[in-house]
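Scroll down for the structure; my scribbles are underneath it.
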Amino acid sequence: MTDSAQAHPLSVSTGDYIKAIWTIAGNGAASTKDISGHLSVAPASVTNMLGRLRTMGFVEYERYHGASLTERGHEEALRLVRRHRLIETFLLEHLGYTWEEVHDEAEKLEHAVSDTFTERLSEFLGHPNHDPHGDPIPTSEGILTPDDSTPLGEAEAGQRVRISKVSDESIPMLDYLGERGLVPGRVLTVREIREIDGVVVVEDSEGEVHHLGGPLVKSVFAQRIG
């Protein structure tokens, strides 16, 4: 990564918009409506900020056609994502936070630390590859490991799968999964896929059976094993 953003720190809101576009669309385009919903801000405010980000060279934007990150914008997004996920890992492993709490706390802290702090934190943690929710942590060079996991709802009955990551957007959902040990690394056997209501019935390695409804199976990602 270059040191341009390090030399000229971005505002909190600017960073939030860049990361929001990356989260919503990756290398594609994010609509004003989607960005508005993701950040809980008025569409008019989104339009104004996208114009500013275009002038700053972070996005390509045309009204009614959405916004996509430029190379510079993508680089900055991955810088923030790396910082966020390392902070989450530190909070969970060393400060006693639960995995339900780390996301919101990291959102606040990611704008307050430098790249130097980020790299020292990575070294302190032993250069982890994934955060507490199973998401890959970009390298200091901005490389993100490809993710080949799929939503649990796309599995087939009889398959053995390993949970690779879970969505961190819902605290109640994280609490539910955490209480049942349905966390990244857990191996499950898919017993039934109910088409009528979308429920997936899984059995864990201890023989415990779990019935997971639609929202859960869309938020739990797994990889097939065996």
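The values are calculated or read from the model by the stated rules, or taken from the named source; none is laboratory data. Predicted model only: the values in this text are computed from it and were never measured. Neighbour counts are summed over all protein chains in view; Cβ atoms, including those assigned to glycine, are modelled from backbone coordinates with ideal geometry. These area figures cover heavy atoms from the full protein model, side chains too; ligands, DNA and RNA do not enter into them. Shrake-Rupley method; radii C 1.70, N 1.55, O 1.52, S 1.80 Å.
Other residues within the sphere of radius under 10 Å centred on the Cβ of L95, judged by their own Cβ, net out at -3 (K and R +1, D and E -1). Each residue was assigned an accessible area with a 1.4 Å probe, and for I143 the value is about 100 Å². Build a GNM of the chain with springs between Cα atoms under 10 Å apart, and of L95, L177, L109 the one that fluctuates most is L95.
What FRET efficiency would be calculated for the residue pair H65, T139, taking the C-beta separation as r and a Förster radius of 41 Å, to the nearest 0.05?
Details: r = 32 Å, r/R0 = 0.78.
The formula returns an efficiency of 0.80 here.
Using a probe radius of 1.4 Å on heavy atoms only, what accessible surface per residue do you get for the chain? Whole Å² is fine. Walk me through the numbers on the way to the answer.
Working: 12020 Å² over 226 residues.
Heavy-atom accessible area per residue stands at 53 Å².
Cross-link reach is defined here as a Cα-Cα straight distance under 20 Å, omitting same-chain residues fewer than 8 places apart; for K33 the lysines meeting it are K19. Just checking the listed ones, D168, D197, D104: in the Gaussian network model of the chain with Cα springs under 10 Å, the one fluctuating most is D197. Around Q223, under 9 Å between beta carbons, what's the net of Lys plus Arg minus Asp minus Glu among the other residues? That sum, taken over residues with Cβ under 9 Å, equals +1. In terms of its C-alpha gyration tensor, region 88-196 has a prolate overall shape, because the principal axis ratio a/c (a ≥ b ≥ c, square roots of the eigenvalues) is not below 1.5 and a/b outweighs b/c.
Using a 1.4 angstrom probe on heavy atoms only, work out the carbon and sulfur share of the accessible area of region 83-226 in %. Working shown, then result.
Details: 3780 of 7740 Å².
About 49 percent, which is the carbon plus sulfur part of the accessible surface.
Look at (i) 33, 22, 15; (ii) 37, 24, 17; (iii) 24, 22, 17: the one that is semi-axes √(5λ) of the Cα gyration tensor in Å derived from this structure is (i).
Computed from the C-beta positions of E119 and K218 and an R0 of 35 Å, the FRET efficiency is 0.50 to the nearest 0.05. Listed by chain and number, the lysines whose C-alpha is less than 19 Å from the C-alpha of K218, apart from same-chain residues fewer than 8 away, are K165.
Of the complete DSSP H runs in the chain, those spanning 18 angstrom or more by Cα along the long axis with a mean Kyte-Doolittle score not below -1.0 are 12-25, 43-56, 71-94.
Hey, with R₀ at 25 Å, roughly what FRET efficiency would R180 and D104 work out to, going by the Cβ-Cβ distance, to 0.05?
Details: r = 22 Å, r/R0 = 0.88.
Efficiency, from the Cβ-Cβ distance: 0.70.
Across the chain, the relative contact order, built from alpha-carbon pairs under 8 Å that are at least six residues apart, equals 15 percent.
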